[in-house]
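The values are calculated or read from the model by the stated rules, or taken from the named source; none is laboratory data. The structure displayed is predicted, hence computed values, not measured ones. Positions of Cβ are generated from backbone atoms using ideal geometry, with glycine treated the same way; all protein chains shown enter the neighbour counts. The accessibility values were calculated without ligands, DNA or RNA, using every heavy atom of the protein model including side chains. Shrake-Rupley method; radii C 1.70, N 1.55, O 1.52, S 1.80 Å.
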4 protein chains.
Amino acid sequence: MVRVGIVGDGYTAAELLRLMVLHPELQVTYISSHHNIGRRIDAVFPQLTGFYDLILEPTETQRMIGLCDAVFLALPHGASIPLVQELTAAGIRCIDLGADFRLKDPAIYEKYYGLAHTAPHMLPDAVYGLPEVYREKIKQASYIANPGCYPTASILPLAPLLKKHLVDTQGIVIDAKSGVTGAGRSAKEANLFCEINDSFKAYGVGTHRHMPEIAQELCFAAGENVQMIFTPHLVPMNRGILATIYAMRPSGVHPEEIRGALEEAYANEPFVQVLPEGVFPQTKWVYGSNHVHIGIWADPDSPRVILISAIDNLTKGASGQALQNLNLLFGFDETTALTAPGLTP
Amino acid sequence: MVRVGIVGDGYTAAELLRLMVLHPELQVTYISSHHNIGRRIDAVFPQLTGFYDLILEPTETQRMIGLCDAVFLALPHGASIPLVQELTAAGIRCIDLGADFRLKDPAIYEKYYGLAHTAPHMLPDAVYGLPEVYREKIKQASYIANPGCYPTASILPLAPLLKKHLVDTQGIVIDAKSGVTGAGRSAKEANLFCEINDSFKAYGVGTHRHMPEIAQELCFAAGENVQMIFTPHLVPMNRGILATIYAMRPSGVHPEEIRGALEEAYANEPFVQVLPEGVFPQTKWVYGSNHVHIGIWADPDSPRVILISAIDNLTKGASGQALQNLNLLFGFDETTALTAPGLTP
Amino acid sequence: MVRVGIVGDGYTAAELLRLMVLHPELQVTYISSHHNIGRRIDAVFPQLTGFYDLILEPTETQRMIGLCDAVFLALPHGASIPLVQELTAAGIRCIDLGADFRLKDPAIYEKYYGLAHTAPHMLPDAVYGLPEVYREKIKQASYIANPGCYPTASILPLAPLLKKHLVDTQGIVIDAKSGVTGAGRSAKEANLFCEINDSFKAYGVGTHRHMPEIAQELCFAAGENVQMIFTPHLVPMNRGILATIYAMRPSGVHPEEIRGALEEAYANEPFVQVLPEGVFPQTKWVYGSNHVHIGIWADPDSPRVILISAIDNLTKGASGQALQNLNLLFGFDETTALTAPGLTP
Amino acid sequence: MVRVGIVGDGYTAAELLRLMVLHPELQVTYISSHHNIGRRIDAVFPQLTGFYDLILEPTETQRMIGLCDAVFLALPHGASIPLVQELTAAGIRCIDLGADFRLKDPAIYEKYYGLAHTAPHMLPDAVYGLPEVYREKIKQASYIANPGCYPTASILPLAPLLKKHLVDTQGIVIDAKSGVTGAGRSAKEANLFCEINDSFKAYGVGTHRHMPEIAQELCFAAGENVQMIFTPHLVPMNRGILATIYAMRPSGVHPEEIRGALEEAYANEPFVQVLPEGVFPQTKWVYGSNHVHIGIWADPDSPRVILISAIDNLTKGASGQALQNLNLLFGFDETTALTAPGLTP
């Protein structure tokens, strides 16, 4: 049994606990909290009544070092850095669900997150935990930067096309829509039910923190600079991201090549489904599942390509992918505890 | 023009402002806030962009005395009492949307609201602002206790039947369901979108503060003690209350008499609709409107009577009724600015 | 491997398929449809993309007899009867998710379903598939009447109390609220998104078909006649039933006995959780799970008892319970493929 | 009093009736239906209980000619053409809420709507009913093509910029999101509550019928060909459209000029609000109102311009705009019965 700890008790922690119920090789030995110290886990997450007996503890690395082989960190930005330093020094594998180790350039981190990175020397060795791109590196990693939800939905459809130069590197538009769990569980007026229900809005227009993360990975895929714009929106639903991605097809590229490249790239991936011609995904199809659905529109009469991807932001966009990474790290079957289809309707 | 002030900037304040846009005889001259002092009203409520130029002020009675003929108060319990004292002393009509003047018995107030009433001498003169029951008193009132949302939905179907002894005074069950605006705009984890959406729950089981208010008015209607239980529930919707009311029909009463009594009681009421046989209301039918819809099930084979009422908790359940009361107080047509039908779909 | 067939392709069929993905001992070999014959299952339920390769077939008992050891039937009332007759005659175990074998009295069936039962001789041997009440009979059954969703939520909290005479058999009120999947997938104006969203209503007032089913089982539990009324409501959510149950506590019964009896009855049940004092369930806590949560309000000052139960209408209220029954029928661990907690948030 | 008829009884008809309750100069004398002939209007739309006594009639032009001065038509495409011919010949003003008279080129109509236009000679005289662009022509029109909902949301932010050459005519991306009322009231599986709730999807990718309508009006504004792509999406909400529009700012144009041009264009428009810097609209802000909110992102560091507009698809996107057009046609104040702010929360 691998002994697992969780730092944080927000929605991604709940999702980790939900998924790990089905994992035969893991034992959750530790969970920490800021606001709920001393409470039972099923008082904080009553859906777990009958499943776990954990009590929420303060965040203490010595406890984790004694109790855990691996730790998931789900903290506000900046807070993971010292913990990952201490834990990895003690030989504990860390999977950070926050943003602290995703951006390779500390200057960009500082610009978008508003604080200086306190351990920039750790950035080169952090592995970006997108298994479809970095599987082999993940297996060897000592700490993993679990990707953001929007980046997961944006990179998977675009990376194979950029790598093969099948779409232009300029003028990419990513118009993404997310469920509200992406905003976390903290009590803010803007996230009250009555402020969100039966309504729709954009946010972070021109400035969202996932933009440089997407750009970084698209540049790596393309091997050159990529110019794109990203706008997130908030959908009155709990879970799910749908990314509508507009790119330009160079004149020498046939529409069939677009589909062909994506089908080839994901033919053996357990969690990526390229949908048939004319089928475009709905977020509910991957609700609570670790799957990614991708629909493609490419037409001989138009230089435009439209790619539409759907993920569950808490599963493939956060905790499911984190567990997929842990499976890779510890040599388990990559899909262990992640084989459930979308919960629909 | 009657000059109107509003104390408070929550959802009921927004609803008052929305409704008063259509009132030709009122001018809003003052609005106060705790958290948003100095902000424009359309920064706090962007739906009012282009409609009002007000700036939110601190709560100061001298300002109100100079600027207002009438004041709506929408405050946490306890807070209205000193304001209503000062304002009525200065001759300003007060309509209190809170609970401070609804209960005639200060001991019950203290039991349910957890604090001693600081002006119990004012309770006898407070008029309970349910026009269908107290219309003539309202016209003469100097301060009005605007009814709670659940009480409005519960009293209107039952009062005429209790008055005529057509249902038993014992064993009444009121199972009520509300939209989430009833919980106000304050940022609490329990009212976050993701905690409410696609889910349903009861709350305040056995202990809700509207229970004694309902009981008081049902007793007044019956002229004797009434034994009832009331359970509120939270529906994943913004507005609306549906109350499902179970009462027993005494053996000598014919089912037709139930319908007859309600149709007669509300024949000339502008805002109460007794629905045809077999039709039961949906909350959306009165969305944003001041109307009350009542459906009746009474069957010769059963001693049970089921009454189902629907209101909009923010309109007839709060701000619409408050404006109806102001219309009565100032001699305007009672329906002024309140003639819109439900916004459906 | 047990070979399983499904007759019908509505929401309960989709839920069966979702759950059986995780079952190591079952193989789905057959699924039939009325409207979608010849289509791939993942064209009808795209959330199953990558999980099943089935093609929807016409409903033919000979095919089932050749391909299946057990068959789930999810059909409109009346339609299961001839199929269950033929299949059980051929030795195939049947679990009927419809209503055809639930009511022991064919006259009541005819009154509520509007058609004469065509095989009343089969009713005595049909086992009502509520494992918490009929576990041993289920193991021996050749055909099982899987309970309705409202009855499951209503019977489980009441049966142990009626059996021990801890609540009166008269005057029970069951006010139940359901998500919209309970209405099935057929295209009706009343179930369109815009007719349901942000709204709430009662339906089937005084006449719902689940009333006699609840009454039958409550009478069996009490060993005498039970007088109750049941009103269902529609909540703008996909899944979940919350039943608010009002009963009277006889004067000699202490409130503690109520809680004690329920805790004792369900101490060893894998799927029933009696919640702590003061905790009342939310439907989302059992979303997609086979669990039942029960909250209890019983107070020395009041003769009322309020029981609040929550289930997922598609899981414990239909397909999960059906799979639980199949596990019992074939000697698998009763919880196989049913161990997931509620998907929240 | 102007006597008004309505042909059709879907959601746009309900919205017309809701709005006209507040119009002092109109009398609804006629409404026709296909499926509901002979029913009372408040049986079909119970929210109108107490407001109208109309009975739904068959569609007969002779009845309309006798009873109406103006007729709103809300019919499937193709069906309005013969009615508008007959009615205008009899001197009755027609406002067609369908698509039959919007496209100037009958070949494009045929391509996108799949049928030949039966009265192409009428197209040149049809006035496109967007008052902010064609106000003077509308006043003189004998028949008006009321704009589509997506076109209204798309054209208003772009037209003033294209007219002044402040954005490129190439590479425009319109990513639009709509509430579900846009799909009408007909019973289709895809529009059931459980298929839409808590989910999000794109539809009509690359092929939606509003694309040529948007393109036509953008070309008229620019005075040259405009190349754009339009993708609609479905949001789990009843009402509202949010259009996120991406355009390129030519190098000689300063970001301030973008804002300046829109503020100037709409300074005196009663229904268009250009929001302050940094404020982007939410659809709920215009819920049930005839207003349009426009937010602007233009940054010196980027050649991109993002325009975000919000309307209510049933009000400014259909019936509210139709009533605005009728006000213009008959010389009433343009805002009569349209002065309500958004119903929020």
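Numbers for the structure displayed
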{"quantity": "Sparse-neighbour loop sites [GluC sites (Glu not before Pro); the stretch C:261-345; at most 15 other C-beta within 10 Å; DSSP]", "calculated": "C:GLU277"}
{"quantity": "Per-peptide average of other Cβ atoms within 10 Å, ordering D:55-63, A:335-343 highest first", "calculated": "A:335-343, D:55-63"}
{"quantity": "Within-15-Å neighbourhood charge of C:TYR52 [Cβ basis; K, R +1; D, E -1]", "calculated": "-1"}
{"quantity": "Cβ-derived FRET efficiency at R0 25 Å, A:GLU263 paired with C:ILE55, nearest 0.05", "calculated": "0.70"}
{"quantity": "Within-13-Å neighbourhood charge of C:PRO82 [Cβ basis; K, R +1; D, E -1]", "calculated": "-4"}
{"quantity": "Accessible area of D:TRP297 in the full protein assembly, 1.4 Å probe (Å², nearest 10)", "calculated": "40 Å²"}
{"quantity": "DSSP beta bridge pairing in chain B, given as percent antiparallel to the nearest 5", "calculated": "45 percent"}
{"quantity": "Helix-only [θ]222 nm of the protein assembly as shown, DSSP H runs n ≥ 4, -39500 (n - 2.57) each, per residue, nearest 500", "calculated": "-8500 deg cm²/dmol"}
{"quantity": "Candidate lysines for bridging to D:LYS104, where Cα separation is under 21 Å - those fewer than 8 sequence places away on the same chain excluded", "calculated": "D:LYS137, D:LYS139, D:LYS163"}
{"quantity": "Ratio of the Cα radius of gyration of the stretch A:53-107 to 2.2 N^0.38 Å, where N counts its residues", "calculated": "1.18"}
{"quantity": "Accessible area (Å², 1.4 Å probe, nearest 10) - A:PHE51", "calculated": "50 Å²"}
{"quantity": "Within the accessible area of the stretch A:189-322 (1.4 Å probe), percent carbon and sulfur", "calculated": "49 percent"}
{"quantity": "Accessible surface of the stretch B:2-125 [probe 1.4 Å, protein heavy atoms]: carbon and sulfur percent", "calculated": "52 percent"}
{"quantity": "Radius, Kirkwood style, for the stretch D:2-125 when every pair of distinct Cα atoms is counted (Å)", "calculated": "15.1 Å"}
{"quantity": "Span per principal axis, largest first, for the Cα atoms of the protein assembly as shown (Å)", "calculated": "86, 77, 64"}
{"quantity": "log10 of Debye I(q)/I(0), alpha-carbon scatterers only, for the stretch A:288-331 at 0.34 Å⁻¹", "calculated": "-1.05"}
{"quantity": "Inter-chain shielding of B:183-190 (mean C-beta neighbours from other protein chains, 10 Å cut-off)", "calculated": "4"}
{"quantity": "Taking all pairs of distinct alpha-carbon atoms in chain C, Kirkwood radius in angstrom", "calculated": "20.5 Å"}
{"quantity": "Cβ neighbours within 10 Å from other chains - mean over D:3-16", "calculated": "1"}
{"quantity": "DSSP H segments from chain C that extend 20 Å or more along their own axis, Cα-based, with Kyte-Doolittle mean of 0.0 or above", "calculated": "C:149-163"}
{"quantity": "Accessible area buried between chains D and C, both sides summed, probe 1.4 Å, in Å² to nearest 100", "calculated": "1800 Å²"}
{"quantity": "Ranked packing of D:246-253, A:77-84, most packed first, by mean Cβ within 10 Å", "calculated": "A:77-84, D:246-253"}
{"quantity": "Surface accessible to a 1.4 Å probe, per residue, for the residues of the protein assembly as shown, Å²", "calculated": "32 Å²"}
{"quantity": "Proximal lysines relative to B:LYS177, as straight alpha-carbon distance under 18 Å, when same-chain residues fewer than 8 apart are discounted", "calculated": "B:LYS201, B:LYS284, B:LYS316, C:LYS177, C:LYS201, C:LYS284"}
{"quantity": "Whichever aspartates and glutamates have a C-alpha closer than 15 Å to that of D:LYS188, once near sequence neighbours (fewer than 8 apart) are set aside", "calculated": "C:GLU189, C:GLU195"}
{"quantity": "Average partner coverage of A:273-279, which counts Cβ from other chains inside 10 Å", "calculated": "3"}
{"quantity": "Estimated FRET transfer efficiency when R0 is 41 angstrom, pair C:GLU224-B:TYR203 (beta carbons, to 0.05)", "calculated": "0.75"}
{"quantity": "Cβ-Cβ FRET estimate between D:LYS139 and D:GLU256, R0 fixed at 30 Å, reported to 0.05", "calculated": "0.30"}
